[in-house]
Structure formats: C-alpha cells, structure tokens
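Remarks on the structure that follows.
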Amino acid sequence: MKSVVTTVIAAADAAGRFPSTSDLESVQGSIQRSAARLEAAEKLANNLDAVAKEAYDACIKKYPYLNNAGEANSTDTFKEKCQRDVKHYMRLIQYCLVVGGTGPLDEWGIAGAREVYRALGLPTAPYVEALSYARNRGCAPRDMSAQALTEYNALLDYAINSLS
C-alpha cells in the first residue's frame, strides 16, 4: 500500500538515488500531520454510517431521476448498492487518513472505477455529489479540529477530482 514513506522511497529508488533532503522533509511533514489525520480518522469512524447516509441522501436529492424505473437507484437492491459504494469511499478515505497517503483510494477506489461505472452504465456525478456534500458538511471545531478537517477535506478533494 502506498504511503508517503513508500512513495518517497520508491521515487528515489526509481531515480537511482537515496532520498534527498526535500524527500525526507516531505516524510517529516507527513509525520507531523499524523495526529490530525488520526483524529479525523477516529471522528469519521465514530460517525461513518451517519456521514455516508447523509452523503447518499444529498446525492439522491440532487439527482432524483436516479429513482426512476430503469435508472441506477430504481430498486431497493440498487439503492443498497449505491449506499454501500458511498460508504466504501468514506471508509477508503478513513484508511488513507491512517496511512498518510492515497494508496487505499488509488488501489481500491479509483483504479478502474470509471471503467466499471461506464461498463455498468452508472453515472459518477452522484458519487461526486455525495463526496462533495461530505466535504462541505464538515465543520471545525464542531466535527474535528481545523487541521484534522484540512486532512480529511484534502482526501475528499482527491477522490472527487479522480471521479470527475
């Protein structure tokens, strides 16, 4: 799994060199932000079901046509799968907060996601809306500290941009 440490070492190794001072400063910065990331991961873990449900509801509110017959959210089974997918993305963001890198999202949430959604005829815009809602709903200090919210929002932005 990719983390800031494995990414820095792999990049230096690919270039045939030892990690540079700036590489090590990048790792040090990630370590210094680890407490904020872990706070965000813990807060998300404590509210994962509620955050994912609110995000799902927001995307369905914006795209009510998805409930029409033959659309991506038209049956109870499809609704459960859509909610599951939103929760899956939120859990991957939680994992990324813990490892300090985008590896879990890259490996399990983004790689091939567009192709799978395209093959199944599923739009990505509702997922983008759900993640955007989760990002915009977060509030410091109500939900978490400002630094933890920054770490959380950065990963949401990464996922949003990858699905857009």
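The values are calculated or read from the model by the stated rules, or taken from the named source; none is laboratory data. Worth saying up front: this structure is predicted, and the values here are computed from it rather than measured. Heads up, the Cβs are rebuilt from the backbone with ideal geometry, glycines too, and the neighbour counts pull from every protein chain shown.
Condition check for Val8 on (1) over 17 Å from the mean Cα position of the chain (by Cα); (2) more than 20 Å from Cys96 (Cα to Cα); (3) in a helix (DSSP H, G or I): one failure, at (2).
Just to be sure, is Ser26 outside the structural domain of Tyr127 (by TED's automatic domain parsing), more than 14 Å from Ala134 (Cα to Cα), buried (at least 16 other Cβ atoms within 10 Å of the Cβ) and under 15 Å from the mean Cα position of the chain (by Cα)? Considered against the rule, which asks whether it is outside the structural domain of Tyr127 (by TED's automatic domain parsing), more than 14 Å from Ala134 (Cα to Cα), buried (at least 16 other Cβ atoms within 10 Å of the Cβ) and under 15 Å from the mean Cα position of the chain (by Cα), Ser26 comes out as no.
Working only within region 125-151, note down all residues that are among the hydroxyl-bearing types (Ser, Thr, Tyr) and in contact with a Leu (Cβ under 7 Å, 6 or more places away or on another chain). Show your work before the answer.
Taking region 125-151 and keeping what is among the hydroxyl-bearing types (Ser, Thr, Tyr), we get 127, 132-133, 145, 150.
Correct list: Tyr127 only.
Screening region 95-132 for residues that are out of contact with any Phe, Trp or Tyr (no Cβ under 9 Å at 6 or more places or on another chain) and modelled with pLDDT of 90 or more and picking the one that is farthest from Lys79 (Cα to Cα) gives Val98. Within region 30-40, being of a type in the set (Gly, Ala, Ser) and either farther than 13 Å from Ser3 by Cβ or in contact with a Cys (Cβ under 8 Å, 6 or more places away or on another chain) (or both) holds for Ala35, Ala36, Ala40. Give region 118-136 a look and list any residue that's crowded, with 17+ Cβ neighbours inside 10 Å and either of a type in the set (Ser, Thr, Tyr) or under 24 Å from Ser3 (Cβ atoms) (or both), or say none. The answer is Tyr127, Leu131, Ser132, Tyr133, Ala134, Arg135.
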